[in-house]
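The values are calculated or read from the model by the stated rules, or taken from the named source; none is laboratory data. Keep in mind that what you see is a predicted model, and the values were worked out from it rather than measured. Quick reminder, even Gly has a Cβ in these numbers, built from the backbone with ideal geometry, and neighbours come from all protein chains shown. Surface areas here come from the heavy atoms of the whole protein model, side chains and all, with no ligands, DNA or RNA. Shrake-Rupley method; radii C 1.70, N 1.55, O 1.52, S 1.80 Å.
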Amino acid sequence: MLGAQWGDEGKGKIVDLLTPHFSIVARYQGGHNAGHTVYVRGQKFVLHLIPSGILHPGVICVIGNGVVVDPHALFAEVDELARLGIDVTGRLLVSDKAHLILPYHRELDVLAEARRGERKIGTTSRGIGPAYEDKIGRRGVRVGDLADTSADGPLANAVRENVATRNRLVGNAEMTGDELIADLRAVWTRLRPLVAETSLYLHREIAAGKRVMFEGAQGTLLDIDHGTYPFVTSSNSTAGGAATGLGIGPRAIQAVLGVAKAYTTRVGEGPLPTELTGAMGERLRESGQEYGASTGRPRRCGWYDAVAVRYAARVNGLDALALTKLDVLDGLEEINVCTAYRCGGETLIEMPSDMAQLAACVPVYETLPGWSAPTRGVTDFHRLPAEARRYIARLEEISGVPAAIISTGSDRDHTIVREHSIATQWLEGVSR
Ligand code: GDP
C-alpha cells in the first residue's frame, strides 16, 4: 500500500481500514516525516513513525531497515500512544539494521535548506535527508550498533568522529561526541526490547501464512529515483522499496494498492502541473482541509493528474487504486481531469524525466460534469450520484487501474469497497 501521487493521499485511513485483516503492518522507508492522520470514533491520532496498525489490538508493527529512526521521536510517539491507552509492548519491532537520525542530522538539514535559498526542496527539517546521506556515505549509525557500550569501541569512535566533522561544518554545534554517546546509552536501554532482525521475523511469519501489509510513506512522485528529483524524499517510496527496505523477496509482495486522491496535492517545492493558484485551489484546500499533518503547511492543490497516476501504475505495478476524498469535490459544477501535458508544441502522455520540461508543461484537461447530491459518507457505489460514478469510471480508464476502494469521508466507515474487486479478498477473514 503506497501513495500514487505526491504524498498525503489519505494512506493512513486506508491502512487503518485494511489492518484488521492483516497480522503485521511493516513500514519500509522514510522517517518521522510521514504523518498519518486517522480518526477512530471521532478521536484524532497523528502518527509519524509508528505504523497506524498499532491502533488495532493484536497487530504487530514493524519498522524496517529502510526506515531512518529518530529514537527520541519514536519514544515520544510511544508515550503519546500510552497516554491514549494504547500499549505497544510486544507489538512494535524495530530493525537492527535501521539507521538512526542523530541530533547533528537535524542541524545539517536546517543548514542545507537555508543554504539552498530560493532553490529549497521544502524538507521537514527533521534530519531525514542527512541520515540517509550518512547511510549511503557508509558512516551511518545503525540501531544494532547501539549494543556496543564500550567506552572506546566502534560506536563511540564513530560517533565522536561524526560529531567532530559536523561541528566543523555547522560551526556553532553545541553537542560533544561524549554527550551524544551518553545519550545513546540511555536510548539503547529503552530501545533494546524493541530491536529485532525484522527481515528474518517477516520471513518466518510470511512462511507461516501470516498476512503482512507493507506500508509506504510519502508518494510515488516523491521517490528518490522515480519522483520529481530533486524535489523528492530521500528514500524509495515506490513498491520496490518494500523489498529492500524490509529484506523480503519481491515475490512476497502479492498485490500493490496505490492510494490517490480524487484531485492532486503537494507539499513543498517542485513542479505540479495541475496546480490551481486561484479561488478553485483555495476551494479544494479548504474543503479538503489540505494542511500538512506533520508541519501544518498549506498544501498546493490542483485537479487530478492522470499522467502522474498512470506513471505510478507503471513504476509500482499497481493492481488497484484506493481513490480518496471524493467528497471534497461535492457541489462543484464542473471537474477537470488532466489527461496529457502540452510542452513546447508537443503533447506528452507519459511523465517526462526532465524536471525543467515538467515545470514547463501545461495540462490538457477534459471537463466532466460535477454532482450536486453529496457523496460524503456514501458506502454503496450504486448510491453515488451518476456523475460521480462517471467521474470514477473515467479516472479508472485514463489512469489504467481499477478503483477498488473509494473513500467518501475521513471516518473509517465512510468507505466504498467495490464488489468483485481485489480489495474484497483483502477484507475477508483475519489470519491472526
Ligand atoms: P496520508 O499521509 O496519506 O495518510 O494523508 P494525511 O493523513 O496527511 O491526509 C489525509 C487527511 O484526509 C486526513 O485528515 C484524513 O482524515 C482525511 N481523509 C482521508 N480520506 C478522506 C476522505 O475520503 N474524505 C475526506 N474529506 N477526508 C479524508
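Have a look at Ile416, Ile398 and point out the one that is modelled with pLDDT of 95 or more, in contact with a helix residue (DSSP H, G or I) (Cβ under 6 Å, 6 or more places away or on another chain) and assigned to a strand (DSSP E or B). Exactly one residue qualifies, and that residue is Ile416. Is it fair to say Gly241 is touching a residue at least 12 places away in the same chain (Cβ under 8 Å) and part of a helix (DSSP H, G or I)? Answer is yes for this residue.
Count of region 308-317 residues, restricted to those that are away from the ligand (no atom under 15 Å from the Cβ) and either assigned to a strand (DSSP E or B) or β-branched (Val, Ile, Thr) (or both), is 1.
Checked against the criterion of being open to solvent by less than 50 Å² (accessible area, probe 1.4 Å), under 25 Å from Leu272 (Cβ atoms), within 16 Å of the ligand (Cβ to nearest atom) and touching a residue at least 12 places away in the same chain (Cβ under 8 Å), the candidates Leu395, Leu384 yield just one match: Leu395.
Residues in region 318-361 that are in a strand (DSSP E or B) and either at pLDDT below 95 or over 27 Å from the mean Cα position of the chain (by Cα) (or both): Glu334, Arg342, Cys343, Glu346, Thr347, Leu348.
Return the residue satisfying two criteria in turn: it lies in region 255-280 and is surrounded by 21 or more Cβ atoms within 10 Å (Cβ to Cβ) and more than 20 Å from the chain's Cα centre (by Cα), and of such residues it is farthest from the ligand (Cβ to nearest atom). Once the filter is applied, the top-ranked residue is Pro273.
Okay, residues lined up against (1) of a type in the set (Phe, Trp, Tyr); (2) modelled with pLDDT of 95 or more; (3) in contact with a Gly (Cβ under 7 Å, 6 or more places away or on another chain):
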site	(1), (2), (3)
Leu93	no, yes, no
Asp96	no, yes, yes
Gly129	no, no, no
Ile136	no, yes, no
Asp152	no, no, no
Thr165	no, no, no
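When Gly3 is tested against (1) out of contact with any Gly (no Cβ under 8 Å at 6 or more places or on another chain); (2) under 26 Å from Pro402 (Cα atoms), exactly one condition is not met: (1). Number of residues in region 62-99 that are small (Gly, Ala, Ser) and in contact (Cβ under 8 Å) with a residue 40 or more places away in the chain: the value is 5.
Taken as a whole, region 249-260 holds no residue that is out of contact with any strand residue (DSSP E or B) (no Cβ under 8 Å at 6 or more places or on another chain) and either in a strand (DSSP E or B) or within 22 Å of Ile101 (Cα to Cα) (or both).
The single condition among (1) more than 14 Å from the ligand (Cβ to nearest atom); (2) open to solvent by 30 Å² or more (accessible area, probe 1.4 Å) that Asp413 does not meet is (1).
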